[in-house]
Every structure is written in C-alpha cells, then in structure tokens.
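These notes concern the structure reproduced below.
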Amino acid sequence: QVQLVESGGGLVQPGGSVRLSCEASGSIISTYGMGWYRQAPGKQRELVASIINSGTTKAADSVKGRFAISRDDAKNTVALQIDRLKPEDTAVYYCNADVEAYTGSTYARGDYWGQGTQVTVSS
C-alpha cells in the first residue's frame with residue numbers, strides 16, 4: 001500500500017508564506033504525478049498545483065504568481081510553497097500522488113491521498 005505523509009501548515013499571518021511537504025512511501029515503482037489539493041469549509045476540493053513527469057506544472061488561477069511546486073523522485077516527495085498568503089487560502093491541504101505500486105497481489109496504477117494538513121491564514 002502507498003502512504004502519503006504531509007508536513008507543514010499551521011497558522012500563518014496574511015502576507016506570509018507556507019511550505020508544505022509530502023512523502024510517499026510503499027512499493028512504488030513509478031510516479032506519474034504529484035500535487036496538492038485543498039478544501040475549504042463548505043467548498044469542494046480543488047487543485048492547488050501539480051507536477052507531472054515532464055516537469056509540467058498546473059496551478060489554480062488563485063495561486064498563480066505566488067506558488068512554487070517541486071518534486072524529488074528519488075525520495076518520492078513533493079513540496080509546495082505559497083507566498084503572499086490571503087485569508088481565502090485557508091483550507092485543509094491534501095497531498096495527491098498518481099503512482100504505480102504493488103497492491104499486495106499485483107502492480108497497479110492508482111491515485112493516493114494524504115490525510116490533510118490545515119493551513120489557516122489569519123491575523
């Protein structure tokens with residue numbers, strides 16, 4: 001099984017920065033993409049930013065110009081930094097990994113999620 005463990009987050013003042021890290025573990029043989037989603041109270045989960053094998057990144061319009069996402073495939077980690085934080089960035093942030101891993105009986109590609117880490121932007 002694949003497990004994703006997130007770190008970072010917490011209470012940040014408006015205008016500050018947050019750096020989130022995520023490490024994927026398990027019998028992973030290929031990583032196709034990793035990224036971050038967020039879900040604010042009463043809203044649907046949305047993509048924040050992702051990065052695929054080619055290095056191509058995608059990001060929500062709301063964070064463009066103030067985010068950076070990076071991957072370390074040797075360590076199966078992905079990191080997200082968001083600068084100039086706004087109160088509307090407040091949400092639970094979830095790490096996502098699209099990987100091929102051993103499931104116990106075979107190798108299969110699947111989508112995995114972390115448990116989430118809270119980011120609260122408030123003075």
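Please give the solvent-accessible surface of ARG109 in Å², to the nearest 10, using a probe radius of 1.4 Å with every protein chain present.
The accessible area comes out at roughly 140 Å².
If the cut-off is 16 Å between C-alpha atoms, which aspartates and glutamates fall inside it for LYS86, apart from same-chain ones fewer than 8 positions away?
Answer for LYS86, where 16 Å is the Cα cut-off: ASP61, listed by chain and number.
Please sort by residue number the trypsin sites (Lys or Arg not before Pro) in segment 1-62 whose DSSP state is loop and whose Cβ has at most 12 other Cβ atoms within 10 Å.
Numbers: sites: ARG19, ARG38, LYS43, ARG45, LYS58; in loops: LYS43, ARG45.
Sites meeting the loop and neighbour criteria: LYS43.
Tell me the carbon and sulfur percent of the accessible area for the chain, rounded to whole percent, probe radius 1.4 Å.
Working: 3020 of 6660 Å².
About 45 percent, which is the carbon plus sulfur part of the accessible surface.
Leaving out ligands and nucleic acids, note down the accessible area per residue over the chain with a 1.4 angstrom probe, in whole Å². Please report the intermediate quantities before stating the final value.
On the way: 6660 Å² over 123 residues.
Roughly 54 Å² per residue, with all protein chains present.
Taking the Cβ of VAL12 as the center, what net charge do the other residues with Cβ under 15 Å away carry, scoring Lys and Arg +1 and Asp and Glu -1?
Values: positive: ARG19, ARG38, ARG66, ARG84, LYS86; negative: ASP83, GLU88, ASP89.
Within the 15 Å Cβ shell, the charges total +2.
To the nearest 10 Å², what's TYR102's accessible area with a 1.4 Å probe?
Approximately 90 Å² of TYR102 is accessible to the 1.4 Å probe.
Add +1 for every Lys or Arg and -1 for every Asp or Glu among the other residues with Cβ under 11 Å from the Cβ of ASP89, and state the total.
+2
The values are calculated or read from the model by the stated rules, or taken from the named source; none is laboratory data. Bear in mind that the values here come from a model prediction, so they are computed numbers and not experimental data. Here Cβ is always computed from backbone atoms with ideal geometry, including for glycine, and neighbour counts include all displayed protein chains. Each accessible area value is taken on the protein alone, full model and side chains, heavy atoms only, with ligands, DNA and RNA left out. Shrake-Rupley method; radii C 1.70, N 1.55, O 1.52, S 1.80 Å.
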